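Comments concern the structure below.
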Amino acid sequence: MARGKRPRRTAAVMGALLLAIGATSAVAQDSGSATRGQALYESRCGACHSVDANRVGPMHKGVLGRVSGSAAGYDYSPALAQSHFVWTREKLLLWLKNPEGLVPGQKMNYQVDNAQDRADLVAYLATLK
């Protein structure tokens, strides 16, 4: 190996390592913590929602994979009742960020500003089979 090549290789390896660590952190943040999400759900969502029963808002058991506006026995806004999309992880993240932006005319007047909080809430909702 020629003299002077090692620092360039070391810098390249260190750069790749830092990129990999950053990507891993982003994936961990994106996937969310169901445990933290449950605590957030209980403190922020529990006033209007329940896992097993409709309240001010619809029940959340089985929300992931369910068609929007279709929880049995809940009186949805016309906008949400006619939206007919499937609640995916991505849709739930968009909904929590800005419900009115996703479904104009819906009746939920709460949004979650913090991206990690949204990811954690969705991770928890995904456990409610």
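The criterion of at least 2 residues that are in contact with a Leu (Cβ under 7 Å, 6 or more places away or on another chain) and at negative phi is met, among helices (runs of 4 or more DSSP H) falling completely within the range 46-129, by 89-97, 115-125.
Of everything in the range 39-50, what is farther than 18 Å from Gln106 by Cβ and crowded, with 18+ Cβ neighbours inside 10 Å? Give them in sequence order. Hits for the range 39-50 are Leu40, Tyr41. Restricting attention to the range 111-129, the residues that are surrounded by 15 or more Cβ atoms within 10 Å (Cβ to Cβ) and either within 21 Å of Ala53 (Cβ to Cβ) or in contact with a His (Cβ under 7 Å, 6 or more places away or on another chain) (or both) total 6. Among the residues of the range 84-110, the ones that are among the β-branched types (Val, Ile, Thr), loosely packed, with under 15 Cβ neighbours inside 10 Å and in contact with a helix residue (DSSP H, G or I) (Cβ under 6 Å, 6 or more places away or on another chain) come to 0 in all.
Return yes when Thr24 is part of a helix (DSSP H, G or I), among the β-branched types (Val, Ile, Thr) and either within 22 Å of the chain's Cα centre (by Cα) or modelled with pLDDT of 95 or more (or both) and no when it is not. For Thr24, the condition - part of a helix (DSSP H, G or I), among the β-branched types (Val, Ile, Thr) and either within 22 Å of the chain's Cα centre (by Cα) or modelled with pLDDT of 95 or more (or both) - is met. Being in contact with a His (Cβ under 7 Å, 6 or more places away or on another chain) and touching a residue at least 12 places away in the same chain (Cβ under 8 Å): is that true of Leu93 here? No: the conditions fail for Leu93. When the range 96-110 is limited to residues that are closer than 14 Å to His49 by Cβ and without any contact (Cβ under 8 Å) to a residue 24 or more places away in the chain, the one that is farthest from the chain's Cα centre (by Cα) turns out to be Asn109.
The values are calculated or read from the model by the stated rules, or taken from the named source; none is laboratory data. This is a predicted model, so every value here is computed, not measured. Positions of Cβ are backbone-derived with ideal geometry, glycine not excepted, and every protein chain shown enters the neighbour counts.
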